[in-house]
Amino acid sequence: MNLFDSLENINKQVPLAEILRPKTLEDYLGQNKIISEASPLYRLLQTNRLFSFIFWGPPGCGKTTLARLIAAKTNSYFLEISAVTSGIKEIKDAVETAKEQLRLGHKTLLFIDEIHRYNKTQQDALLPHLENGLIYLVGSTTENPSFQVIPALLSRVHILQLKALDDDAISKIIEKGFKYLSSEYGAINVNRDVIEKITAFARGDARVALNTIEACYFASELKDNTRTLKLSMIEELVQKKITKYSQQEHYDCASAFQKSLRGSDKNAAIYYLAKMIVAGEDPRFIARRLIVCAAEDVSNADPQALQIAVAAFRAVEHLGMPEARIPLAQATAYVADAPKSNATCVAIDSAINDIQNGLDYQPPLHLRDAHYKDAQKYGFGTGYIYTHSNPNAYQQFMPDEIKDKKYFQ
């Protein structure tokens, strides 16, 4: 290590979240289904065999920590790179390191953070080395790997979905953080309301929780060598939490919004509307979902629902946010309350399916266009009955081949 590296390490301020990262599986909190003694992963680790995984979950749920613990448990060399700042060169360097470690008797666990950021070529570069067992991969991603990871790589790994940590786990992590800070820098008085406030603010993210208490500790009032952390100071420091809203959550919230409308749950629909608004969703996208639901799920059970949804879309275009939230909420409430019928949607989809599957026939001769010179020569229009003149007269409108077909039940 040269002088500059030494100075860098001396002056570096290591975040509390890194200092308190769990060192053993027993200290690992919040993923009981994944890492309990009865879980498949835990039993795999007991065999001292490595497998390749992709950990999918929200920020701060323990993906990186679990990868490090797996490496330690299996006595493997841990190599970490980030897909944000690396590429083919870093993958090749990792392969050379893995070869060297193999000669020393160690397997290599290559951890790639944010693996969804790799393009197809970069992901392809991993395949032969996973295939021959030179490296074992643990990739972490906040995005659904089914959409972001190539099929060839998916077929060589196991997907484990990690959840945001529950409030109990976050509270324990916060208490652990305050205990460490007190032992290192001096005592602090913290009541239960403060812990509950930080827990709610963290929303399942251990990193957010620890970063918050670290800031709160040093911002707290110091008197007689003891710090006091007041709830008012917490509220001032944390202020507004930005809603987590990944690409996957964009689709999930839109789906939940439309299904709540369909299910006539007005309160749930308003909640998902609010979540999309707070996350900065394009209000025109929300309005289009309303129009689709009004046509697909309400339809002619209440034709006015479509008119109100379209009016909401126009209001969004004219008003913009934040005023547009009001017509969006109005239309959401109306569509949710409206009686439901999918008869029109079923009918058009059934007819399209029939035509695409061979039931593609010409109209009867008497319905065909007769507004040109030679039409009568072909029999086009002959026998057509003008409905306004003879409203009760019967005539066939369906093609002969499917004349008895019914699309509306």
Failed condition for GLU114, given (1) touching a Lys or Arg at 6+ places or on another chain (Cβ under 6 Å); (2) open to solvent by less than 60 Å² (accessible area, probe 1.4 Å): (1)
Could you list, in sequence order, all residues of segment 82-97 that are outside any loop (DSSP other than H, G, I, E, B), open to solvent by less than 30 Å² (accessible area, probe 1.4 Å) and either on the phi > 0 side of the Ramachandran plot or free of Cβ contacts under 8 Å to residues at least 40 places away in the same chain (or both)? ILE91
Looking at segment 125-148, which of the residues that are open to solvent by 40 Å² or more (accessible area, probe 1.4 Å) and out of contact with any helix residue (DSSP H, G or I) (no Cβ under 7 Å at 6 or more places or on another chain) is nearest to LYS92 (Cα to Cα)? PRO128
Filtering segment 209-220 down to residues that are open to solvent by 40 Å² or more (accessible area, probe 1.4 Å) and out of contact with any Leu (no Cβ under 8 Å at 6 or more places or on another chain) yields PHE218
Here the residues within segment 370-391 that are within 28 Å of ALA347 (Cα to Cα), modelled with pLDDT under 90 and exposed (fewer than 10 other Cβ atoms within 10 Å of the Cβ) are TYR386, PRO391
List the number of the failed condition for GLY280; all other conditions in (1) out of contact with any Lys or Arg (no Cβ under 9 Å at 6 or more places or on another chain); (2) part of a helix (DSSP H, G or I) hold. (2)
Residues to consider are ALA254, ALA315, ALA294; find the one that is surrounded by 15 or more Cβ atoms within 10 Å (Cβ to Cβ) and touching a residue at least 40 places away in the same chain (Cβ under 8 Å). ALA294
Given the criteria in a loop (DSSP other than H, G, I, E, B) and closer than 25 Å to PRO303 by Cα, does TYR334 qualify? no
Say whether the condition of being within 17 Å of ILE115 (Cβ to Cβ), in contact (Cβ under 8 Å) with a residue 12 or more places away in the chain and assigned to a loop (DSSP other than H, G, I, E, B) is met by at least one residue in segment 128-141. yes
Among what's in segment 327-341 and is closer than 15 Å to ALA274 by Cα and over 26 Å from the mean Cα position of the chain (by Cα), pick the residue that is least open to solvent (accessible area, probe 1.4 Å). PRO327
From the list PHE51, PHE55, which residue is open to solvent by less than 40 Å² (accessible area, probe 1.4 Å) and either under 24 Å from the mean Cα position of the chain (by Cα) or not polar (S, T, N, Q) (or both)? PHE55
Identify the residue in segment 24-38 that is in a loop (DSSP other than H, G, I, E, B), within 19 Å of LEU165 (Cα to Cα) and open to solvent by 50 Å² or more (accessible area, probe 1.4 Å) and, among all such residues, is modelled with the lowest pLDDT. GLU37
Qualifying residue in segment 357-364 (condition: outside any loop (DSSP other than H, G, I, E, B) and under 30 Å from CYS293 (Cα atoms)): no
Filter segment 399-409 down to residues that are open to solvent by 50 Å² or more (accessible area, probe 1.4 Å) and either in contact (Cβ under 8 Å) with a residue 24 or more places away in the chain or not in a loop (DSSP other than H, G, I, E, B) (or both), then give me how many there are. 5
Please work out if ARG49 is assigned to a helix (DSSP H, G or I) and in contact (Cβ under 8 Å) with a residue 24 or more places away in the chain. no
So for segment 12-23 (the condition being within 24 Å of GLY60 (Cβ to Cβ), open to solvent by 80 Å² or more (accessible area, probe 1.4 Å), modelled with pLDDT under 85 and of a type outside the set (Val, Ile, Thr)), does at least one residue qualify? yes
Taking segment 149-159 on its own, how many of its residues are surrounded by 20 or more Cβ atoms within 10 Å (Cβ to Cβ) and either free of Cβ contacts under 8 Å to residues at least 12 places away in the same chain or not β-branched (Val, Ile, Thr) (or both)? 1
MET321, sole failed condition from (1) in contact (Cβ under 8 Å) with a residue 24 or more places away in the chain; (2) assigned to a helix (DSSP H, G or I); (3) under 30 Å from GLY263 (Cα atoms): (2)
At pLDDT 85 or above and either open to solvent by 60 Å² or more (accessible area, probe 1.4 Å) or in a loop (DSSP other than H, G, I, E, B) (or both), is that true of LEU41? no
Can you give me the number of residues within segment 173-186 that are in contact (Cβ under 8 Å) with a residue 40 or more places away in the chain and surrounded by 14 or more Cβ atoms within 10 Å (Cβ to Cβ)? 5
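The values are calculated or read from the model by the stated rules, or taken from the named source; none is laboratory data. In this text the structure is predicted, and so the values were computed from the model without any measurement. Cβ sites come from the backbone with ideal geometry, for glycine too, and all protein chains shown count toward neighbours. Areas reflect the complete protein model, heavy atoms only, side chains present, ligands, DNA and RNA absent. Shrake-Rupley method; radii C 1.70, N 1.55, O 1.52, S 1.80 Å.
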